[in-house]
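First the structure, in the form of structure tokens, and then the observations on it.
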Amino acid sequence: MTVVEKAKIACDTSRHDARNHFVDVNKMVELGSGSRRSIDDIILTRDARYLIAQNGASRKQEIAFAQTYFAVQTRRAELIEQRLVEAERLSARRKLTATEKELSQVIYGQTGSAEDFGAIRSKGDQALFGRSTQAMKALWKVPISRPLADLAPTIVLKALFVVLAVGGLFAGLLPPVDACKYEVEVHLLSSNRTLARKLDELEQRLTKRLDATALGLLLPVSAVP
């Protein structure tokens, strides 16, 4: 079995049609006599070249070079993806921190105490995880002195932002009818953590309302998409 045949089998096994990556063609080549002849050839996609390199004999210089090249490029792509994920998480964490700070200040200004904000955050954790903040810290092995959000994944940070906004009703800045609408959506989200796209949409809607509120231009319910 040739290397190309092995690569085609690997492609089909991974549920990719080998015909889309190994395209049989004909091309004309010059012969020593000056005449030309048509020969069979194959056009390879990048994935096909990778599979051939993986199935080839590393003692051959061309194969060894290809294997090294793809190994380096794969690692580079992994590092880039990791940095993008870390950047997204940092952005979500900063957004949650800013929202917590703003909401805490508003509540303190109205009640003279920060305890109400702590209660809102605790109820948000209970609604999202189905257990208390302390129980979640024990589960994730988060030190008591550190916020739970410090070690939470990105999607949880976004969900915490949504739940915090709903639970606090933006400290009374949003009409009750909005809270009901958002609460239903948060409940649906908490029952299916895979709805990341829906969570992003809901986060953007809440952010739009919060920005409008900060400007003193609270939009009517009908104005929220």
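Tabulated data
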{"item": "Residues being out of contact with any Lys or Arg (no Cβ under 7 Å at 6 or more places or on another chain) and within 12 Å of L157 (Cα to Cα) - total across the stretch 81-99", "result": "10"}
{"item": "Residue among R146, R131 that alone is over 20 Å from L90 (Cα atoms) and among the basic types (K, R)", "result": "R131"}
{"item": "Unique residue being within 31 Å of the chain's Cα centre (by Cα), of a type in the set (V, I, T) and surrounded by 12 or more Cβ atoms within 10 Å (Cβ to Cβ) when the list is V85, V72", "result": "V85"}
{"item": "Residue check for L31: out of contact with any His (no Cβ under 9 Å at 6 or more places or on another chain), closer than 30 Å to L151 by Cα and not assigned by TED's automatic domain parsing to the domain that holds V156", "result": "no"}
{"item": "Which listed residue is more than 30 Å from K6 (Cα to Cα) and in contact with a Ser or Thr (Cβ under 8 Å, 6 or more places away or on another chain), from V106, V85", "result": "V85"}
{"item": "Residue in the stretch 95-107 that is exposed (fewer than 13 other Cβ atoms within 10 Å of the Cβ), assigned to a helix (DSSP H, G or I) and of a type in the set (A, V, I, L, M) present", "result": "yes"}
{"item": "Hits in the stretch 108-136 - residues which are at pLDDT 85 or above and under 23 Å from the mean Cα position of the chain (by Cα)", "result": "M136"}
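The values are calculated or read from the model by the stated rules, or taken from the named source; none is laboratory data. A quick note: this is a predicted structure, and the numbers were derived from the prediction, not measured. Glycine gets a Cβ as well: all are built from the backbone with ideal geometry, and neighbour counts include every protein chain shown.
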